Amino acid sequence: MGVSNALATSQNADLNTLRQKYQAAQSLFDQGKVEQARSLTHQLEAYPLYPYLAYRELMYTLPGLNQQGIANFQKRYPDFPLQGNLYSSWMSYLAGKGLWKNYLAAYDKERADDNLKCFRAAALYSVGDTKQADEYTQQLWLTGTSQPDSCDKAFSAWKGRGKQTTAMIQLRFAHALEKDNDGLAAYLNKLLPAGEQPRAKQLLGYYQKPETVLPVIRSLQKRPSADLAIIYTHALKRYGRSQPEVAISLAGEKATFLYIDEANKNDAFDYYLGRIASQTPERYELFRQRYQRPYDGDDAEKVLRYWLAQPNWQEVLKLVNALPAEIQKDEVWRYWRARADLQTGQNATIANQALAALAKERSFYGYLAAQTLKQPYQLNHQPLPVSSQRQRDVMSMPAVMRAIELNILGQDWQSRREWFNALDHMTQDEKVAAARLAAQWQWHFVSIFTMAKAKYWDDTQIRFPMAYSNVFVPSAKALNLDPDWVMAISRQESAFRNDARSPVGARGLMQLMPATAQHTAKNFNLGAFAADDLYKPEVNIQLGTHYLLEVKNTFSGNRILATAAYNAGPSRVRRWLNERGHLPADVWVETIPFNETRKYVQNVLTYAVIYQKKLGIPEELIKPQERHLGPDTTVAKTPL
């Protein structure tokens with residue numbers, strides 16, 4: 001996230017001096033030289049980043065503070081992103097000193113995490129409010145997750161008052177198994193009286209081998225105790241992961257005894273129906289009608305994918321026509337209904353009218369419809385007007401000023417934190433203005449994210465910037481790759497955030513794993529690089545385009561399959577091809593088993609059309625050679 005030259009150079013020499021003093025003060029705080037840091041801090045009250053120094057000063061001086069000092073800071077800097085840290089530290093300090101009356105006076109349930117909730121229970125006991133303390137501690141106890149150590153004091157007091165009964169331990173034991181927390185369940189078992197432990201061991205067996213609970217549930221003649229009901233229903237749910245038809249049938253037979261109310265029962269039935277839609281979709285409708293449950297859109301799409309893969313167009317039509325009108329309005333159903341009508345030769349005129357209406361949309365299904373009818377793809381670029389005054393207002397917001405300064409100082413993630421926190425306090429008009437500013441400064445990821453927060457989707461200049469096109473285009477052309485496709489991949493992977501890092505370690509614009517990058521560099525003789533070099537756009541794009549070429553060659557130059565493989569891996573794509581035989585491209589994409597990969601491919605193909613328009617390339621969602629996919633589309637396991 002680099003600030004534009006115009007923004008950086010607009011700052012005068014005095015501001016540059018303040019930046020140097022700010023960095024010096026931070027360094028002094030880091031070294032523990034608090035008095036020197038404080039002296040320098042007081043010279044910087046007019047500097048946008050002053051709250052960071054004031055925050056550090058407060059953190060160093062918590063013992064000498066009072067609630068009013070904390071409140072004054074919160075009031076002066078209400079949008080400061082570290083307010084939560086300050087509040088948590090202050091409350092933990094009060095708890096550590098045993099200042100329980102002060103703790104209760106300052107307690108804010110909206111900002112309290114589990115640790116502070118536990119301290120509140122201890123505070124209530126300490127001030128003698130035992131009735132409320134007992135009730136509150138019971139709430140903390142009856143959870144299936146482990147509580148922090150700060151709960152120990154309250155739990156000890158609660159136990160000492162005779163509240164940790166066998167029934168309470170059994171109920172928490174049940175909640176632990178319900179949360180699949182067998183470690184906590186084992187701990188709770190040890191708290192039970194010796195005579196109750198065999199019962200708990202038996203219940204744990206139902207959890208570990210859920211098929212063993214079936215005869216127990218079948219024999220029920222009355223509602224079991226609360227803890228048994230939780231364990232029975234959860235064990236049955238675990239069994240239903242692989243055997244949903246058996247589970248839903250037994251649940252239906254014993255619903256009166258198993259479920260405390262209709263909502264609880266319906267949640268269970270909907271879970272089983274979801275599993276049936278995944279495993280035996282052709283039987284989904286049978287069970288849905290038997291238990292009189294409404295259609296779920298996601299489950300219906302699983303059934304759709306099953307009939308498309310056969311293919312059975314009559315069943316597709318039957319499914320679409322049975323859906324509620326509200327679900328039928330979704331683009332996926334509008335497209336496949338028209339497609340099925342054309343495939344079966346029914347209602348061709350109505351089908352073409354439906355496709356013509358859909359072709360007006362900027363979306364995957366809209367572009368499929370446009371391609372079917374040989375109509376132009378619609379960009380629908382409609383930027384909202386933003387006044388210069390509105391932009392100046394946004395730039396004058398303290399949080400935005402802090403974000404700009406942090407960016408200039410090279411503290412990118414801190415800058416983004418400030419910016420994203422500021423968005424929570426903006427109107428839609430202000431968010432659109434902020435997105436426009438970020439785009440002007442070439443903060444590509446930030447501008448895309450900001451426009452999404454504004455929930456305005458038709459400014460395609462901001463949502464699909466020509467980011468790093470001076471690198472993407474020549475790199476793609478040098479390898480005979482479509483530059484629009486390469487940019488679409490990067491837009492989907494990182495939204496052009498060059499320092500992006502995924503939870504599994506993929507890095508940079510094209511989200512390359514270091515091992516994949518090393519393999520690619522070796523295959524193409526691209527030379528050595530350090531893992532952190534993947535955050536450099538030029539390095540990432542060079543390695544990313546070469547890897548994309550390798551994947552594309554694996555699948556006979558087919559972008560659709562290569563896109564799926566870039567996300568899910570080539571081996572999975574080969575398996576899908578072998579399992580499903582030859583299918584039209586639109587059907588193949590729709591029937592990708594992984595939700596993430598399916599949406600990924602749809603987005604990349606759609607984004608590619610948008611970038612074709614921007615690059616002046618002839619527009620084509622699916623190329624002629626890509627329109628039918630099958631096992632023979634792959635050519636080699638190791639192409640290069």
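The values are calculated or read from the model by the stated rules, or taken from the named source; none is laboratory data. What you are looking at is a predicted structure, and each value in this text was computed from that prediction instead of being measured. When we count neighbours, we look across all protein chains shown, and the Cβ atoms used for this are built from the backbone with ideal geometry, even at glycine. The accessibility values were calculated without ligands, DNA or RNA, using every heavy atom of the protein model including side chains. Shrake-Rupley method; radii C 1.70, N 1.55, O 1.52, S 1.80 Å.
Key figures
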quantity: Matching option when the condition is modelled with pLDDT under 95 and small (Gly, Ala, Ser), among ALA608, ALA636; calculated: ALA636
quantity: Hits in the stretch 200-216 (condition: open to solvent by 60 Å² or more (accessible area, probe 1.4 Å), free of Cβ contacts under 8 Å to residues at least 24 places away in the same chain and not polar (S, T, N, Q)); calculated: LYS201, LYS209, PRO215
quantity: Lone qualifier among ALA176, ALA157, ALA200 - being over 17 Å from SER225 (Cβ atoms), assigned to a helix (DSSP H, G or I), in contact with a helix residue (DSSP H, G or I) (Cβ under 9 Å, 6 or more places away or on another chain) and among the aliphatic types (A, V, I, L, M); calculated: ALA157
quantity: Residue within the stretch 229-240 that is at pLDDT 95 or above and not in a helix (DSSP H, G or I) present; calculated: no
quantity: Any hit, the stretch 447-465, residues being touching a Lys or Arg at 6+ places or on another chain (Cβ under 9 Å) and under 30 Å from SER556 (Cβ atoms); calculated: yes
quantity: Qualifying residue in the stretch 323-345 (condition: in a loop (DSSP other than H, G, I, E, B), over 20 Å from ALA369 (Cβ atoms) and of a type outside the set (A, V, I, L, M, F, W, C)); calculated: yes
quantity: Neighbours by Cβ (under 6 Å, 6+ apart or cross-chain): first from the stretch 570-590, closer than 11 Å to THR633 by Cβ; second open to solvent by 20 Å² or more (accessible area, probe 1.4 Å) and assigned to a helix (DSSP H, G or I); calculated: LEU577/PRO631; ASN578/PRO631
quantity: Within the stretch 439-469, tally of residues that are hydrophobic (A, V, I, L, M, F, W, C), within 16 Å of VAL386 (Cα to Cα), open to solvent by less than 10 Å² (accessible area, probe 1.4 Å) and in contact (Cβ under 8 Å) with a residue 24 or more places away in the chain; calculated: 2
quantity: Hits in the stretch 348-386 (condition: over 33 Å from the mean Cα position of the chain (by Cα) and surrounded by fewer than 18 Cβ atoms within 10 Å (Cβ to Cβ)); calculated: ALA348, THR349, ILE350, ASN352, GLN353, ALA356, LEU373, LYS374, GLN375, PRO376
quantity: Check on ALA338, within 25 Å of GLU619 (Cβ to Cβ), crowded, with 16+ Cβ neighbours inside 10 Å and among the hydrophobic types (A, V, I, L, M, F, W, C); calculated: yes
quantity: In the stretch 470-485, the residues that are open to solvent by 10 Å² or more (accessible area, probe 1.4 Å), of a type in the set (A, V, I, L, M) and assigned to a helix (DSSP H, G or I); calculated: VAL471, VAL473, ALA478
